[in-house]
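Student: Let me give you the structure first, and then I'll get to my questions.
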Amino acid sequence: MPFLSLTSWSLHRLLGPLRWTRWDETTRSQITAAQEQPEHLTLLELPAVLADKGFVSLEVCHFHFPETSAAYLTALKQSFQAANVRFYTLLLEYGDISSADEDRRASDIAWIKEWIDIAAIAGAERVRVIAGDAEPSDVQALERSAKAIQELGEYASSRGVRVVTENFHSLTSVADNCLALLEKCEDVLGFTSDYGNFKGSDKFEALARTIPFSESIHAKAQTDSEGYPDEEEFISCMEIAKQAGYEGPFTLVYDGPGDMWDGIERVRKLVAPYVTSM
């Protein structure tokens, strides 16, 4: 049976500064800038809080790491173990491995490898890598992405970590490209389906095609201006996962207005009938 999970993004207004990474053309390297946010809860405290609320696993955005020293990563791993919560995925929110700029692509691959090393020390089971920002019709970009993922997947495997990608950003905004990458990269690549990322009239069809290959699902509801989910639309997505026999985590995603825990709870009530424990 599927189980209950959360992404740290669902608490992004509570976990302190967001450390955004971007490519800087002047320096030809990655730079990181902090977006100040209040810290009502530390990342080290989060696994225990989630365990008390009945969550089985957590996916953590890379920009929520306040530091990456060996001592901190060890402490983070221990916090997951003490809470008996799985560190299911470290979510990388930067990187364009589809770029035609060879130096940029090589630099981003090296940056991702550094985070794979971080994931290994912190005890993360997976690292989510963005497949690329190229247009979905760019066949050569898809080949560049597949080649990079193959390299990254093998690198991660040697460190006890699995690489996954997602229907996230432009290149994998269509199901055909998601499935093509899985076919090209075979055993070194897993997949995450996000309910909120496929757009248009074929959204449900696209989810039906990718969810059977998914190791996690980001259960993101479409919400109104007050943060209340479109229940009918969301349940349609949940039913697709049920029909596919999906058995991984439903990672709740809430990024709407108001109290974030309240928003999470509204999504959780819709997921409750589909998971093993609440």
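The values are calculated or read from the model by the stated rules, or taken from the named source; none is laboratory data. As the structure is a prediction and not an experimental result, all values here were calculated from the model. Using ideal geometry, Cβ is built from the backbone for each residue, glycine included, and neighbour counts are taken over all protein chains shown. Keep in mind that these areas ignore ligands, DNA and RNA; they rest on the heavy atoms of the full protein, side chains included. Shrake-Rupley method; radii C 1.70, N 1.55, O 1.52, S 1.80 Å.
Student: I'd like the full set of residues that are out of contact with any strand residue (DSSP E or B) (no Cβ under 9 Å at 6 or more places or on another chain) and of a type in the set (A, V, I, L, M), limited to region 147-167.
Tutor: ALA148
Student: Yes or no: region 180-194 includes at least one residue that is over 27 Å from LYS147 (Cβ atoms) and surrounded by fewer than 17 Cβ atoms within 10 Å (Cβ to Cβ).
Tutor: No, region 180-194 has no match at all.
Student: Being of a type outside the set (S, T, N, Q), open to solvent by 60 Å² or more (accessible area, probe 1.4 Å) and not in a helix (DSSP H, G or I) is the filter; apply it to region 126-163 and report the residue that is nearest to SER216 (Cα to Cα).
Tutor: Within region 126-163, the match that is nearest to SER216 (Cα to Cα) is ARG162.
Student: If a residue must be hydroxyl-bearing (Ser, Thr, Tyr) and touching a helix residue (DSSP H, G or I) at 6+ places or on another chain (Cβ under 6 Å), how many such residues does region 96-110 contain?
Tutor: The qualifying residues number 2.
Student: Identify the residue in region 101-125 that is open to solvent by 10 Å² or more (accessible area, probe 1.4 Å) and of a type in the set (A, V, I, L, M) and, among all such residues, is farthest from HIS169 (Cα to Cα).
Tutor: ILE121
Student: Return yes or no: is SER214 open to solvent by 60 Å² or more (accessible area, probe 1.4 Å) and without any contact (Cβ under 8 Å) to a residue 40 or more places away in the chain?
Tutor: Taking the combined requirement at face value, the residue does not satisfy it.
Student: Answer with yes or no whether SER201 is in contact (Cβ under 8 Å) with a residue 12 or more places away in the chain and either under 16 Å from GLU166 (Cα atoms) or open to solvent by 40 Å² or more (accessible area, probe 1.4 Å) (or both).
Tutor: Taking the combined requirement at face value, the residue does not satisfy it.
Student: How about region 214-234: which of its residues are over 15 Å from GLU265 (Cα atoms) and aliphatic (A, V, I, L, M)?
Tutor: ILE217
Student: Being surrounded by fewer than 23 Cβ atoms within 10 Å (Cβ to Cβ) and out of contact with any Phe, Trp or Tyr (no Cβ under 8 Å at 6 or more places or on another chain) is true for just one of ALA244, ALA175. Which residue is that?
Tutor: Only one candidate passes the filter, namely ALA244.
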